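Written below as structure tokens is the structure these notes are about.
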Amino acid sequence: MRICLDSVKKTYQAGSGRIDAVRNVSLVVPSDTVYGIIGKSGAGKSTLMRLISLLEKPDSGSVLYDGVRVDNLDKKSLIERRRRIGMIFQNFNLFSSRTAGENIAYPLEIVGRSKHEIKKRTAELLELVGLEGREKAPVSTLSGGQKQRVAIARAMAIEPEIMLFDEPTSSLDPELVKYVLGVIRRLADCRQTMIVVTHEMKFAQEVSDRVVFMDGGRILEEGSPDEIFERPRHGRVREFLDLVRKD
Ligand code: ADP
């Protein structure tokens, strides 16, 4: 699915002040491409992801999916439209009282798939994320990395037109990060359209077709991974990369 943002703005009221979280952002994400979004904390990356996923409405500007405006839909159409988007957050958002398999089955139950189909698809999805055979595992017994992989499998269950990842590994222990990144890499290899907000710079460079650097609510620079990571035009991008590469 092709995503288009046209001069999108989002301002929050915080106490007595206003925060321009996203200022006039225009961006086109074509089908079958992987976009990496990087930038400092507070740059507006999460807000942008919530605008793209229709969790928030822009104050002005528009969001288009395949050329159709979607930011002004009524509630029912909005819920319908959002069903075709897979969204992965830092904190997994799984049903803790369900097993891994039951979490993955949930979106399939909602759309009325047969029991047989659900069982087959759940097994396939568990395999996709490297958790084959863990169907009956209660979520509470899984590690953070395994939980995130269940969340990815659940989001993939409905064959989303786009997958949005908002810092999918930032709450994980370092040794678990690589498994989750491995799953995302596999989706990228299958040409799944994706937008990934990440602090993992090497990963962003390797997996993205295009990279966006956000700063102060704006897109300061957009380019190929080589352009952004090897020869950034803006001093602020260089500064940011020097800083994160030191860690
Ligand atoms: P990032 O994801 O790059 O860290 P965010 O999109 O989370 O940036 O935040 C951008 C700015 O908007 C920050 O200054 C943040 O404090 C502010 N902000 C984000 N969400 C809200 C909200 N719901 N209410 C008030 N301020 C917010």
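The values are calculated or read from the model by the stated rules, or taken from the named source; none is laboratory data. Small disclaimer: the values here were computed from a predicted structure and weren't measured. Backbone-built Cβ (ideal geometry, glycine too); neighbour counts: all protein chains shown. Calculation scope for accessible area: heavy atoms of the full protein, side chains included, ligands and nucleic acids excluded. Shrake-Rupley method; radii C 1.70, N 1.55, O 1.52, S 1.80 Å.
Observations
- For the chain, size of Cβ-based charge dipole, Lys and Arg +1, Asp and Glu -1, in debye: 580 debye
- Accessible surface of residue 7 - all protein chains present, 1.4 Å probe, nearest 10 Å²: 40 Å²
- Pairs of lysines in region 88-247 whose Cα atoms sit within less than 16 Å of one another amount to 7, provided the residues are eight or more positions apart or on different chains.
- log₁₀ of I(q)/I(0) at q = 0.17 Å⁻¹ - region 28-175, Debye sum with one point per alpha carbon: -1.06
- With all protein chains modelled, accessible area of residue 73 [1.4 Å, Å²]: 50 Å²
- The eigenvalues of the Cα gyration tensor, multiplied by 5 and square-rooted, give region 1-84 an equivalent ellipsoid with semi-axes of 22, 17, 11 Å from largest to smallest.
- Shape class for region 90-247, computed from the alpha carbon gyration tensor (a ≥ b ≥ c): prolate, with a/c not under 1.5 and a/b above b/c.
- Overall form of region 167-221 per C-alpha gyration tensor (a/c, 1.5; a/b vs b/c): oblate
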